[in-house]
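What follows is a set of notes on a single structure, which appears directly below.
The values are calculated or read from the model by the stated rules, or taken from the named source; none is laboratory data. Predicted, not measured: the structure shown is a model, and the values here were computed from it. Note that we place each Cβ from the backbone using ideal geometry, even for glycine, and neighbour counts take in every protein chain shown.
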Amino acid sequence: MNDGLTDLTVYSVAFDPNNISFLYVGTCQGGLFRKQVTRTIKVLPTEGGKVEPSGTLEVVFGSEVVFNITPDSGYKLKEIYAGSNKYQNPSTTFRVTLGTTYNSTFRAVFEKIAPSNIVILLQIGNRIFTVNGDRRTLDSPPIIKNNRTLLPIRAVVESLGGTVGWDGAEHKVTVALGSKTLELWIGKPIAKVNGRDTLIDATNPNVVPEIVNSRTMLPLRFVAESLGADVQWDGTTKTITITYIP
């Protein structure tokens, strides 16, 4: 041995009980032998954005990897899974230090950004309606009866973020959204809004919930306005615009 040699790099393949294919790089400095080993981080695919670097990365054990995460338009970064660890509301620049003795994975999870306004467009006689431009389908088309629009309300209420329940024994529909709860009964002109009796249409007592072709049809304007939405009617195109601010 040359006593004057203080820094010697030795390359060798050594057995690792986890994976015999890893390459150990040994560095001899001052008589001490230090070992390094590479592991892999697999960046898992996801929807709503991209992660760089991507694919399967070979990383030296103990080193740091910086991931740059870019959400797609209309999405935001929700959480990150680095190996078995979960990180909520993380930064879009995320640093990982590979401190495990086994291969690992990395996954970013994105979620859609809720719009500030929800705009729903419906048309008399048309089952297709839109929610902020996205096409959806009603069980049956809106109709006009007693000069009021009736329609199966579930798809509209759920598009606003609410729920609809049906009590077959009482023939009652319960609509809930935020702090508002509506109760309407088939054939009855009086509903309850947060427990208070309220006329569905103060100028026309004939406007009531009905069952038409096995579908429960509710007065659209009453339900939407009671939930805090704005309703506009275009008689020329027979379209209804509902605007709701969550």
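Data for the structure
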item: Among the candidates 149, 137, 93, residue that is in contact with a helix residue (DSSP H, G or I) (Cβ under 9 Å, 6 or more places away or on another chain) and surrounded by fewer than 13 Cβ atoms within 10 Å (Cβ to Cβ); result: 137
item: Output for segment 202-237, where each listed residue is among the hydroxyl-bearing types (Ser, Thr, Tyr) and either crowded, with 18+ Cβ neighbours inside 10 Å or touching a residue at least 40 places away in the same chain (Cβ under 8 Å) (or both); result: 216, 226, 237
item: Residue 103 vs. criteria under 30 Å from residue 232 (Cβ atoms), over 23 Å from the mean Cα position of the chain (by Cα) and not hydroxyl-bearing (Ser, Thr, Tyr); result: no
item: Any hit, segment 42-55, residues being touching a Leu at 6+ places or on another chain (Cβ under 7 Å) and basic (Lys, Arg); result: no
item: Subset of segment 54-99 [assigned to a loop (DSSP other than H, G, I, E, B) and at pLDDT below 90]; result: 61, 62, 63, 73, 74, 83, 84, 89, 98, 99
item: Pairs where the first residue, in segment 164-178, is charged (D, E, K, R) and the second is part of a strand (DSSP E or B), C-beta under 8 Å, 6+ apart; result: 167/173; 167/174; 170/185; 172/166; 172/183; 172/184; 172/185
item: Yes/no for residue 175 being touching a helix residue (DSSP H, G or I) at 6+ places or on another chain (Cβ under 6 Å), over 24 Å from residue 126 (Cβ atoms) and of a type outside the set (D, E, K, R); result: no
item: Residue count, segment 111-134 (criterion: part of a strand (DSSP E or B), without any contact (Cβ under 8 Å) to a residue 60 or more places away in the chain and surrounded by fewer than 16 Cβ atoms within 10 Å (Cβ to Cβ)); result: 4
item: Qualifying residue in segment 183-200 (condition: part of a helix (DSSP H, G or I) and buried (at least 18 other Cβ atoms within 10 Å of the Cβ)); result: no
item: Output for segment 179-192, where each listed residue is without any contact (Cβ under 8 Å) to a residue 40 or more places away in the chain and more than 23 Å from residue 145 (Cα to Cα); result: 179, 181
